[in-house]
1. Assuming R0 = 60 Å, what is the FRET efficiency of R395 and E636, from their Cβ-Cβ distance, to the nearest 0.05?
2. Pull out the extension gain between L64 and D846, defined as 0.36 nm times the separation in residues minus the alpha carbon to alpha carbon distance; nm, one decimal.
3. I'd like the distance between the alpha-carbon centres of region 195-274 and region 727-802, rounded to an integer number of Å.
4. Can you check what the net charge comes to around A667, using other residues whose Cβ is under 12 Å from the Cβ of A667 (Lys, Arg +1; Asp, Glu -1)?
5. I need the phi-derived Karplus couplings for region 181-186: 6.51 cos²θ - 1.76 cosθ + 1.60, θ = phi - 60°, integer Hz, Gly and Pro marked x.
6. What ranking, highest mean first, results for peptides 886-894, 96-104 when packing means the other Cβ atoms within 10 Å averaged over each residue?
7. Pop the C-beta distance of D457 and R508 into the FRET formula with R0 = 30 Å and round what comes out to the nearest 0.05.
8. Under a plain spin-label model, where a point goes 7 Å from the Cα along Cα-to-Cβ, how far apart in nm are L651 and D187?
Amino acid sequence: MWPVAGILPLLTEMAKSSAAPASNLSTRIGEACIGLGLISPDDRWIDVNPYLCDLLGYSRDELLGLNRAAVTEAEDLAQETSRLEAVRRGTEKSAQIEQRYRTRGGSSVWVNVLVAPEKPDSAGAVNLVVVVQDVAAPRAGLRAVGIQHLVSRLLLDPGPSEQKPRGILEAAAVALGSSYAAFWAVDAGENTIHAAHTWSRPGASVSEFDRQTRAAVFRRGEGMVGLAWQSGRPFWESDMAGHNAYPRSAAARQSGLHSAFLFPIRTARAFFGVMEFFGDDAAPPDQALLEAAEGAGYQLGEYLEKGRATAARIESDIVRASIVDVALDCIITSDHRGIITEFNPAAEATFGYTKEQVLGRPMVDLIIPPSLREQHLRGMERYLQTGEARVLGRRIEITGMRADGSEFPVELAIVRVPVEGPPLFTAYLRDLTDRKKIEGEQAFLLRASEQLASSLDYETTIESIAQLAVPSIADWCAVDVIERDRSIKRVAVAHKDPAKVAFVHALRERYPENLESPYGVPRVLRTGEPEMLRDIPDSMLREAARDAEHLAILQGLGLKSYLIVPLKVRGTNFGALTLAFAESGRRFEERDLDLATELARRIGTAIENARLLQESEEGRHELEQQAAEMEIQAMEMEHTQDQMELTNRELQTVNQSLEEKTAEAGAALKQAEEANRAKSDFLATMSHELRTPLNAISGYADLLSMGIRGPINDAQRADLDRINRSQAHLLGIINDILKFAKLESGQLEMRIEIFPINAALELAEELVRPQLEAKKIDYRYLAGDQAVTVRSDRDRFQQIILNLLANAAKFTPEAGTVTVSWEARGEQVLIHVADTGIGIPADQLDRIFDPFVQVDASTTRKSEGVGLGLAISRDLARQMGGDVSVTSRTGKGSTFTLALPRGG
Ligand code: ADP
């Protein structure tokens, strides 16, 4: 990341320089080993360097003219647009954006993009210079600086110039962690190139590769070396053993060499050779290294070109050479008195002086902080007197001072320029502010990630993150979240002074957040856009304050600078992270937004992960429960199945016994039916057999009483009458039995018809009249509605009525009353036969309808009969859809009711 930050001053310089024609920029862009491009005011790529083309997988022609939106990853476009617009408007001098580009092949690459305005053309439209660096390997930058330092140092060290390439080869091979390295020197005729020096890491088994390398002679364009020679540019092969593109591929495979890195040693005028390094593992191109190596190659080339010229001249040539001008490092040369003799553009940008301001002035006063000056001067003196150097030739980290007096960390390497006479020193310095900051930020993010991963309770975690943020990245840190009711809840506030935290909490209680506020947390929550204010103006506090006291408190907090980023989960805002500077006097810069955004993104991801984890835990738990339940169910089912089998067996048994019983019952029924039929047959036969002699008895009795057999006396006549009466009685009984038997066996035929009640009743009355008159019974007939008809068998109807009337007459003493009446009720007709006779005891009322039942033997004897009349009557009535019922009071009389279906 930080090599890019180093390029910014250069670009700014280029943009500032009105003398630099556009073509100059274009040339420089073409040569750089970092992605460089120009974006037109209408957002088209109008210049791109080969590196950028390679990075994005497009050819130059394909990329030129493409809209920015076609290359930037859709999700990052809005952010990029807003930053670019700010640069175009001039509200930001430059912008550094970490974002993704989409390659032609559709994959995403994370890049660090640095944007600065080119010098406006006459029309005032601004092209944007874009510096693109692949951020996949930020560490790689260190190697790049390493090689640059190394080459500078080795060149400036005393020693014969012929030995320099070898020294550099070996030192670089060690520094790069190579297993094998070679320096290829161009032969005298400049037609071929051969390995002049080779080096292998002690213990590396690369003998075959070394043999082939030493034996090889390549032409331009032949093998990797030939390609580097032909192009004159550094070359990277991720895995030369992975294919057979090069003459030594097979040997590389055999020797376990994979990645290869080559850079040419050249100047603009001459080509000397190629440095070649091999690594054990396949590795993607290290762009920063390629870039740095190009410069280093030129540096070495310049050195070799000058041959045996004095080191002093070489040094000044180098200083003047373009490499010094475009070097990422500050290069400052001073004489033995500490007077500055050279100050390159990087030094100007870093320290804030122009070259003119510093040349001829003592270095100690300009770039060394007061606290270190004494030490520096003493060291210098000691070296000059004794030759003992503590600093020389080593890389150290130290504090530098800018023109405005601010101090910052630098990495420093000082070499002595080996000239005759008083010594010259060259210092290579690099501003470590960004690196320190990034390292600090990386460390912070790492700790934050650890914290986030340590708990699933996000409120606690956020609280601890806020604690972590102060004071390393801010003086204040607060986290607000949106509640369900859309209100804003402050879940964490952190400051190094707990009393201030409590105070801020109380302040918030007293002056709740204004949800409509056009800036601050409410705005960020509303829009999802981050907000940053480098300097908080007093006017803003005045605007935000509710009253004079509030204003005094806000001013008292001394907030200087703040930034707020939204917290999102799956694209939805759920809160905001606020960072503020107060007493430290620090200010947020544009790039701090990146850190805060990254932190917010990690918080969001952690919460999302926690949620997913919790869900999966719950899911797992649920599944386990379900599995347990299913097991129980399975067990229950097994049990149920057992039971069912048992029940089934029981049911089968029951069924079987039921079948048996049904069969038995069927047999019993059949038997009963048979018995019944046998009884009926017997009764029918018996009646018939009895009636024949009975008829004969009455016939002969009549013959005798008529005196046909001779005269009879009165006594004889009376006897014959008795015989006749007994015969009639017996015949009646037999007829009844016969009827009952027929009824029971269902042999009785019915002829149902509808007829008026009146006529049928009158006929019955006639039949019993002699009986009624004999007992002087008052017979009353209360005719009902003449239109009412009954649905019945006419003969059976009469038989029932006759039976009821006969009974009434039979059981009613002399001078009693028998009343017949009828009524229609609903679908029925009720015919009542009421008497004022002896009545029936309540406990006998049901029984009298049973066959052969008579209430009282004494009365029965008096009144004759066998107890079948009522049984027959009820059976007949029921067979015709009706019934016979009785109400009675002993001594008062009885009322029998015949119910039959109404005719209509
Ligand atoms: P039977 O009249 O031939 O004895 P029934 O079946 O007609 O047989 O009557 C059964 C018995 O019911 C009678 O013996 C008598 O005890 C009683 N009974 C029937 N009708 C009357 C009535 N109107 N008043 C009092 N008792 C009656």
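1. Numbers: r = 77 Å, r/R0 = 1.29.
E(calc), rounded to 0.05, equals 0.20.
2. Numbers: separation 782, 0.36 × 782 = 281.52 nm, distance 11.94 nm.
So the extension gain works out to 269.6 nm.
3. 140
4. Summing Lys and Arg as +1 and Asp and Glu as -1 gives -2.
5. 8, 9, 10, 9, 10, 6
6. Details: 886-894: 16.2, 96-104: 18.7.
Result, highest mean Cβ count within 10 Å first: 96-104, 886-894.
7. On the way: r = 22 Å, r/R0 = 0.74.
E(calc), rounded to 0.05, equals 0.85.
8. Here the answer is 10.4 nm between the modelled labels.
The values are calculated or read from the model by the stated rules, or taken from the named source; none is laboratory data. Owing to the predicted nature of the structure, the values given are computational and were not obtained by experimental measurement. Reconstructed Cβ throughout: ideal geometry from the backbone, glycine too, with neighbour counts over all protein chains shown. Accessible surface areas use protein heavy atoms only, side chains included; no ligands, DNA or RNA. Shrake-Rupley method; radii C 1.70, N 1.55, O 1.52, S 1.80 Å.
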